[in-house]
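The values are calculated or read from the model by the stated rules, or taken from the named source; none is laboratory data. No experiment lies behind these values; they were computed from the predicted model shown. As a convention, Cβ positions derive from the backbone with ideal geometry for all residues, glycine included, and neighbour counts pool all protein chains shown.
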């Protein structure tokens, strides 16, 4: 039997808990940059509550979208790829039908993940919607790295920490199921999600009750290496937010958060969206575009796959 | 977690680095800090702020730091590595040799007083962030001095007594009130007095 070898690809998931932080804008902009760099990138609109990347990229409406895939009208993910006006970039449009109002069934989610990993592409960008539903968390954890987008506002920062806590709880549950201590993880991850228990305390309790499990779960958290972009920065203090948050996450969530970039606020972003023009094309020398290009450069470095870039937290 | 880990400092951190890390840590973890909003409980925050203060008081005092290092360094893995490399002193000396100054560098050193050079180094030392923008980490501002003052439980009155400034002036400087606070060189002088009252080494350049 002839086997086609699929080259290793990079998968990035962009999420973060709160709506309005600019995830779709950054997903589209990064996808355009990555498409130009890698030559074969697929952007997937996995915002199951409100897909709109086709609008951002000015891709004409088509019938082929994720809803068709989930309804088995179109069995292969490859068959719902849509061309875009941008070199090296294709789009999988999010579904707008009622199915996306409800949680995605586990089997359908696995089908999507399986086929996503088999897509012939150099890079895949998943634009996730807001919120911390299990499906959103699972797709975010799939990313290498999953990229959080936060704005310098208390609500956005708070939601980001909640999202990270939820990711950590999800990872602990999965490991607990594997090591057959699911009852314990279920109890403690519930406390974690409510915020009444810190991750550090959670791991200590796990270690007390199940000897030798603490280091295993700590290793599980260490293997989770999300990244962070601060968007819409308006002041000098906003530019310090990213490294500071990385330090907080390292200290209190026991997770290595890679700080990627701070994107300055630019009024022209609003107008470029209104005109359906990619900002990175309209204003290539702007602070926003330069920052996005730097992120694309970092993400496509060979060592970036494993997320080895150390976070520059509170050190000079 | 020792004080070096707490402030994310290397073992050979300079006094300026210690000071900058201290202010940065307070800016990250004080009660109204955005970066740590929703991440830790009040109890955790209070404990951490106490530790940050203790870390600064210890690491900024040469004799206290020396005594502290005796307790802590033997347990640090990089300390062991450093001792090993010390054996190959010849290569180490070559690598550690300071860069030769250019002609302009020598002229600059001659013309500009050393104290100003140091202040400038502290003031403009910052980072080029991932977007390529220079982020000046200027912590010698009234708002950060206020964090330190409040963390130590000091009142404006006490700072006023220590500096000879009025409480109103201190409030204006802390709040960055441009209508009532002085600007330019006068502001720099006030900030320097305030910094000295807080036991900080650096300060804004004129």
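Do we have any residue at all in the range A:116-126 that's closer than 22 Å to residue A:81 by Cβ, at pLDDT below 90, within 12 Å of the chain's Cα centre (by Cα) and buried (at least 18 other Cβ atoms within 10 Å of the Cβ)? Among the residues of the range A:116-126, not one is closer than 22 Å to residue A:81 by Cβ, at pLDDT below 90, within 12 Å of the chain's Cα centre (by Cα) and buried (at least 18 other Cβ atoms within 10 Å of the Cβ), which makes the answer no. The set of residues in the range B:30-59 that are within 8 Å of another protein chain (Cβ to nearest Cβ) and part of a helix (DSSP H, G or I) contains only B:44. Does residue A:62 satisfy being farther than 30 Å from residue A:158 by Cβ, surrounded by fewer than 21 Cβ atoms within 10 Å (Cβ to Cβ) and at pLDDT below 80? Yes; evaluated as a whole, the condition is true for this residue.
Check off (1) under 26 Å from residue A:255 (Cα atoms); (2) at pLDDT below 95; (3) touching a helix residue (DSSP H, G or I) at 6+ places or on another chain (Cβ under 8 Å); (4) buried (at least 23 other Cβ atoms within 10 Å of the Cβ) for residue A:92 and give me the number that stays unchecked. Exception for residue A:92: condition (1).
So which residues in the range A:224-249 are under 20 Å from residue A:298 (Cβ atoms) and part of a loop (DSSP other than H, G, I, E, B)? Listed by number, the residues that qualify are A:224, A:225, A:226, A:240. Assess whether residue A:261 counts as being within 13 Å of chain B (Cβ to nearest Cβ), touching a helix residue (DSSP H, G or I) at 6+ places or on another chain (Cβ under 9 Å) and not in a loop (DSSP other than H, G, I, E, B). Against the criterion (within 13 Å of chain B (Cβ to nearest Cβ), touching a helix residue (DSSP H, G or I) at 6+ places or on another chain (Cβ under 9 Å) and not in a loop (DSSP other than H, G, I, E, B)), residue A:261 qualifies.
Only residues that are buried (at least 24 other Cβ atoms within 10 Å of the Cβ) and more than 19 Å from residue A:94 (Cβ to Cβ) were counted in the range A:127-150, giving 3. For residue B:150, state whether it is assigned to a helix (DSSP H, G or I), at pLDDT 75 or above and surrounded by fewer than 19 Cβ atoms within 10 Å (Cβ to Cβ). Judged against the criteria, residue B:150 is a match.
Here's a check for you: in the range A:65-83, which residue that is touching a strand residue (DSSP E or B) at 6+ places or on another chain (Cβ under 7 Å) and surrounded by 21 or more Cβ atoms within 10 Å (Cβ to Cβ) is farthest from residue A:134 (Cα to Cα)? Among them, the one singled out is A:80. Selection of the range A:274-309 for residues being at pLDDT below 85 and either within 11 Å of chain B (Cβ to nearest Cβ) or part of a helix (DSSP H, G or I) (or both) yields A:302, A:303, A:304, A:305, A:306, A:309.
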